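Here's the structure we're looking at; comments come further down.
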Amino acid sequence: MSQEKEKRTEIGEIGEFGLIDRISKSFGHKNPETLVGIGDDAAVIESGAKVKLVTTDMLVEGVHFDLSYIPLQHLGYKSVAVNVSDIAAMNGKPKQITVSLGLSNRFSVEAVESFYEGVKFACEDYAVDLIGGDTTSSPTGLIISVTAIGEASKEQVSYRKNAEENDIICVTGDLGGALMGLTVLEREKEVFKTNPEMQPDISAYEYIVKRQLKPSARMDVIFELEEAGVVPTSMIDVSDGLASELFHIAKQSEVGITIYEDKLPIDEVTYNTAVEFKMDPVTCVLNGGEDYELLFTISQTDFEKIKNLPDVSAIGYIDKKENGHKLVTKGGNTVPLQAQGWKHF
Ligand code: ADP
Ligand code: MG
C-alpha cells in the first residue's frame, strides 16, 4: 500500500455546480435516443415524433424545509410543483411523476396521507399521473425525491444554451417573495421558541408566506406562449435566484447579459418586508431562491406576440459575450451583475 495520503477535496471547494460538472465529464452516452443528459432543467430523450423530458429533485428535511412551519399537505404539493417547474422550463408538458420517501418513525400513517393529499392536489392542477416511487425508512428526518416525466415536440424544446445576441430577456410573475416569506417564517419560529404563548400573526405576509410554502409551477405561461406561437430561444426556472439562473443561460449560450433594475418585478409585500428586515429589495429579487418563475429569452421579432401577457416582464437583453453581465441601476449606472445563489455546501 502506498504511504501517500489520498487527496481529499471538500465538496465546498468546488461547490454543487462544480461537483455536477465533474460527474458529468466522466459519463458519455451510449444510446442515440439520449439527446441531452446532465446540464439542463431536464434530460431530453427521443421518443417517436416527440421527446420525453425527465427531471428529479430531492427535498431534505432541515435543508429544504422545516416541518415546524410547512404543513405536510403543502410539502406534498411543493414537491410535485418544483419538478413540474423543471418540465415547464424545457417548454414541455408534464405527464407522470414518481414519488419516493425516506421516513423516520416520527411519521404516522396519517402524516403520510396528509403529504399525499398535497401530492394529489398538484396532480390535479398540473394534470399529471402518479405512477410509482419507493418507500424506505430513514434514521431521522424526511427525505422526498420526485421524478417528473414530460413531453414536447422536438421543435418546441427550449434549452439553456440557445440564447442569441439581441434576444429579449423575460421573466414571469414577481421575484424575491419566497425568500422574504421564509425570512418571516424563520422570525416567527424564533419568537415562538422564546415565548410559546405568542401566537404568530402572519396575515400581513400572507402572499409571501404562500410563495414559500406553496409555490406554483408556471404551466399557465407555457400554454400562453404556445397560444401566442412563441418558442423561447432559451429558458430556465428560477429555483436558485434570478442572477444565478441568468449566469447559467449566459454560460451555456456563451453570451453577455444586460438587465435593468427598474424592470425587475417585485411585489409590494416583498418590497415592504425586505425594507422591514433591512435587506435590499433588489438583492432579494436577484438572489432570492425558490420563486419557481420562468426566465426565458425570445427573439425581438416575437416580442409583439407576448408583450401584452400580464404576467411576463421584459427585464433586459442578450449581449455579446465580451460585454459581460451587467445591471443598469435606477440611477443609470452600469454595475457588474453578481450571483450568490443557494449554496448547499
Ligand atoms: P435544477 O435546479 O434545474 O433542478 P440542478 O442544478 O439541480 O437543476 O441540476 C443541474 C443538472 O445537473 C441537471 O441536468 C441534473 O439532472 C444534473 N444533476 C444534478 N445532480 C446530479 C447527480 N448527482 N448526478 C448526475 N446528474 C446530476
Ligand atoms: Mg430548474
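The values are calculated or read from the model by the stated rules, or taken from the named source; none is laboratory data. All figures in this text were calculated on a predicted structure; none of them were measured in a lab. Virtual Cβ from ideal backbone geometry, glycine too; neighbours counted across all protein chains shown. Protein only, heavy atoms only, side chains kept; ligands, DNA and RNA dropped before computing areas. Shrake-Rupley method; radii C 1.70, N 1.55, O 1.52, S 1.80 Å.
All but one of (1) among the hydrophobic types (A, V, I, L, M, F, W, C); (2) under 30 Å from Gly324 (Cβ atoms); (3) buried (at least 21 other Cβ atoms within 10 Å of the Cβ) hold for Leu142; which doesn't?
Failed condition: (2).
For segment 240-280, name all the residues that are among the hydrophobic types (A, V, I, L, M, F, W, C), away from ligand 1 (no atom under 16 Å from the Cβ) and in contact (Cβ under 8 Å) with a residue 60 or more places away in the chain.
Val255, Ile257, Ile259, Leu264, Ile266, Val269, Ala274, Phe277, Met279
Scan segment 87-110 and tell me whether some residue there is under 30 Å from Asn323 (Cα atoms) and touching a Phe, Trp or Tyr at 6+ places or on another chain (Cβ under 8 Å).
Yes, there is a match, as at least one residue in segment 87-110 is under 30 Å from Asn323 (Cα atoms) and touching a Phe, Trp or Tyr at 6+ places or on another chain (Cβ under 8 Å).
Between a residue in segment 62-84 that is within 16 Å of Lys210 (Cβ to Cβ) and of a type in the set (Val, Ile, Thr) and any residue that is open to solvent by 40 Å² or more (accessible area, probe 1.4 Å) and outside any loop (DSSP other than H, G, I, E, B), which pairs come within a Cβ distance under 6 Å, given they are 6 or more apart or on different chains?
Going by the 6 Å Cβ cut-off, the qualifying pairs are Val82/Asp57.
Spot the failing condition for Tyr317; the list is (1) farther than 20 Å from Ala217 by Cβ; (2) in a loop (DSSP other than H, G, I, E, B); (3) of a type in the set (Phe, Trp, Tyr), and only one is missed.
Single failed check for Tyr317: (2).
From Val209, Val191, grab the single residue that is without any contact (Cβ under 8 Å) to a residue 40 or more places away in the chain, assigned by TED's automatic domain parsing to the domain that holds Glu276 and buried (at least 18 other Cβ atoms within 10 Å of the Cβ).
After ruling out the rest, the residue left standing is Val209.
Would you tally the residues in segment 302-312 being surrounded by fewer than 17 Cβ atoms within 10 Å (Cβ to Cβ) and either closer than 13 Å to Ile168 by Cα or in contact with a His (Cβ under 7 Å, 6 or more places away or on another chain) (or both)?
So the answer is 4.
Kindly list the number of the only condition in (1) over 23 Å from Thr135 (Cα atoms); (2) away from ligand 1 (no atom under 14 Å from the Cβ); (3) hydroxyl-bearing (Ser, Thr, Tyr) that fails for Ser85.
(2)
Table: residues versus (1) within 24 Å of the chain's Cα centre (by Cα); (2) among the charged types (D, E, K, R); (3) more than 30 Å from Ile249 (Cα to Cα); (4) not in a loop (DSSP other than H, G, I, E, B).
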{"residue": "Ser145", "(1), (2), (3), (4)": "yes, no, no, yes"}
{"residue": "Gly150", "(1), (2), (3), (4)": "yes, no, no, yes"}
{"residue": "Tyr159", "(1), (2), (3), (4)": "yes, no, no, no"}
{"residue": "Ile169", "(1), (2), (3), (4)": "yes, no, no, yes"}
{"residue": "Leu182", "(1), (2), (3), (4)": "yes, no, no, yes"}
{"residue": "Tyr207", "(1), (2), (3), (4)": "yes, no, no, yes"}
{"residue": "Lys210", "(1), (2), (3), (4)": "yes, yes, no, yes"}
{"residue": "Ala217", "(1), (2), (3), (4)": "yes, no, no, no"}
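Among (1) over 24 Å from His248 (Cα atoms); (2) open to solvent by 40 Å² or more (accessible area, probe 1.4 Å); (3) in contact with an Asp or Glu (Cβ under 8 Å, 6 or more places away or on another chain), where does Lys52 come up short?
Failed condition: (1).
For the condition within 19 Å of Ser216 (Cβ to Cβ), in the same structural domain as Ile236 (by TED's automatic domain parsing) and hydrophobic (A, V, I, L, M, F, W, C), what is the one hit in Val275, Val312, Val328?
Selected residue: Val312, the only one of Val275, Val312, Val328 that is within 19 Å of Ser216 (Cβ to Cβ), in the same structural domain as Ile236 (by TED's automatic domain parsing) and hydrophobic (A, V, I, L, M, F, W, C).
Filter segment 209-233 down to residues that are of a type in the set (A, V, I, L, M, F, W, C) and more than 17 Å from Tyr77 (Cβ to Cβ), then give me how many there are.
Total satisfying the criteria: 7.
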